[in-house]
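Here's the structure we're looking at; comments come further down.
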């Protein structure tokens with residue numbers, strides 16, 4: 001799949017860690033999960049993409065601007081490595097495009113009329129509760 005932006009391999013740190021969950025006898029011996037660390041703040045990405053990513057509030061970002069991803073869906077280290085890269089690019093694609101600007105819209109004529117009719121009816125109800133000053 002073609003991506004708009006490219007991340008250099010040198011900017012990403014991959015390390016093998018032990019996966020969680022069931023795994024039988026091998027679970028405590030084999031490190032098949034992959035932890036991917038990507039320094040967003042210090043990367044070669046365009047500044048606008050960095051800003052959108054850092055201000056996104058993503059829980060996988062540290063306070064220093066390092067994106068940490070754990071890939072453990074598959075049983076093999078190689079499959080998890082491929083999955084980690086795919087998920088990194090998936091996340092990058094979210095912040096690569098600037099958000100669409102909001103277009104201000106006007107209320108329809110009918111909605112304005114309904115609102116005014118409702119206000120008039122409420123006013124009539126409340127004025128009916130009032131005691132006349134003449135009494």
Residue exposure sequence - 69, 92 - by fewest surrounding Cβ within 10 Å: 69, 92
Helix 109-129 vs. the chain, principal-axis angle (Cα, 0 to 90°, nearest 10): 50
Order of 95, 109 under a 10 Å beta carbon neighbour criterion, fewest first: 109, 95
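Give the shape of the stretch 9-96 as rounded, prolate or oblate, defined through the alpha-carbon gyration tensor: a ≥ b ≥ c are the square roots of its eigenvalues, a/c under 1.5 means rounded, and otherwise the shape is prolate if a/b is larger than b/c and oblate if not. Show your work: numbers first, answer last.
Numbers: a/c = 2.56, a/b = 2.38, b/c = 1.08.
Prolate, because a/c is 1.5 or more and a/b exceeds b/c.
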Over the chain, relative contact order from alpha-carbon pairs under 8 Å, at least 6 apart, %: 22
Fewest-first sequence of 105, 91 by Cβ atoms within 10 Å of each Cβ: 105, 91
Helix-only [θ]222 nm of the chain, DSSP H runs n ≥ 4, -39500 (n - 2.57) each, per residue, nearest 500: -12000 deg cm²/dmol
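What's the ranking of 116-126, 58-68, 35-45 by average number of surrounding C-beta atoms within 10 Å, highest first? Mind showing how you got there, number by number?
Details: 116-126: 9.7, 58-68: 12.9, 35-45: 17.3.
Going from most to least packed, we get 35-45, 58-68, 116-126.
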Simple spin-label estimate for residue 60 and residue 90 in nanometres, 7 Å along Cα-Cβ: 0.8
Contour minus Cα-Cα distance for residue 10 and residue 73 (0.36 nm per residue): 20.3 nm
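Any read-out appearing in this document is the output of simple, stated calculations on the displayed coordinates, not a laboratory observation. Everything quoted here is computed from the prediction, not taken from an experiment. Positions of Cβ are backbone-derived with ideal geometry, glycine not excepted, and every protein chain shown enters the neighbour counts.
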